[in-house]
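Chemist: I'd like to ask you about the structure that follows.
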Amino acid sequence: MISITDAQQDMREAYFGGAPGAVSSATAWLIAALVVTLVDPMSGIWTLVLGGMLIFPVSLLLCKVLGRTGKQSKENPLGSLATEGTIWMILGIVIAIGVAFHKLEWFFPAMLLVIGGRYFTFSTLYGMKLYWAFGATLVIAAFALWAFKAPVLSGAWTGAVIEYAFGLAIFAGIGTKTR
């Protein structure tokens, strides 16, 4: 049986510590923010939802470009945690969409909460405490946006900035450690 430490190392190696996923997610948030800014909020919301469907395939492509497999070993028990977290996230996205029909300005903060919650599990998945800071930053930002009654575009831009900042930090920190 594979140890948790070895399983986490396998995940970090296969998926470059999750950095390609964070940067792919950041790009979906950035495109959504641009659509909110240049078109309208509802189009930006659907852009994030639809763009979000491309995050995993794009991140796998980035992994392969970076020389990683984008696939954990078959013995790795953390693969099921990743799948379970994805199911929870999809259900959370459905709730965020429902929230948008009640109050448009709450969609992006709700998504920040959903994504932040997912990143908390990445701390176990990759064995990286940075994901606790990542998740906490998204959660704090969500509550700040809600408390200050921020406009829709603020939530979209906030998600893009935070995701890029942490995605790049993960790239910088993991690049030489897993090879």
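Table: residues versus (1) over 13 Å from residue 122 (Cβ atoms); (2) in contact (Cβ under 8 Å) with a residue 24 or more places away in the chain; (3) touching a Cys at 6+ places or on another chain (Cβ under 9 Å).
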site	(1), (2), (3)
5	yes, yes, no
11	no, yes, no
16	no, yes, yes
28	yes, yes, no
43	yes, no, no
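Chemist: Sticking with this one: May I ask you to list the residues in region 126-162 that are under 22 Å from residue 76 (Cβ atoms) and out of contact with any Phe, Trp or Tyr (no Cβ under 8 Å at 6 or more places or on another chain)?
Modeler: 127, 129
Chemist: What are the residues in region 113-134 that are surrounded by fewer than 16 Cβ atoms within 10 Å (Cβ to Cβ) and outside any helix (DSSP H, G or I), if any?
Modeler: Kept after step one, since they are surrounded by fewer than 16 Cβ atoms within 10 Å (Cβ to Cβ), are these residues of region 113-134: 129, 132-133.
Within region 113-134, just 129 meets the criteria.
Chemist: Let me ask another. Across region 43-88, what is the number of residues that are under 17 Å from residue 154 (Cα atoms) and either among the polar types (S, T, N, Q) or touching a Leu at 6+ places or on another chain (Cβ under 7 Å) (or both)?
Modeler: Qualifying residue count for the region: 2.
Chemist: If I go through region 83-112 residue by residue, how many of them are surrounded by 20 or more Cβ atoms within 10 Å (Cβ to Cβ) and of a type in the set (A, V, I, L, M)?
Modeler: Number satisfying all stated conditions: 5.
Chemist: Given 127, 98, 116, which one is on the phi < 0 side of the Ramachandran plot and in contact (Cβ under 8 Å) with a residue 24 or more places away in the chain? Walk me through how you get there before you give the answer.
Modeler: Working: 127 fails: on the phi < 0 side of the Ramachandran plot; 98 fails: in contact (Cβ under 8 Å) with a residue 24 or more places away in the chain.
Matching residue, one of 127, 98, 116: 116.
Chemist: Also, I was wondering about something else. Filter region 34-47 down to the residues that are of a type outside the set (Asp, Glu) and closer than 14 Å to residue 105 by Cβ and list them by number.
Modeler: Step one: of region 34-47, the residues of a type outside the set (Asp, Glu) are 34-39, 41-47.
36, 41, 42, 44, 45, listed by residue number.
No lab work stands behind these numbers, since they all come straight from the coordinates. This is a predicted model, so every value here is computed, not measured. Please note: Cβ atoms are built from the backbone with ideal geometry, for glycine as well, and neighbour counts cover all protein chains shown.
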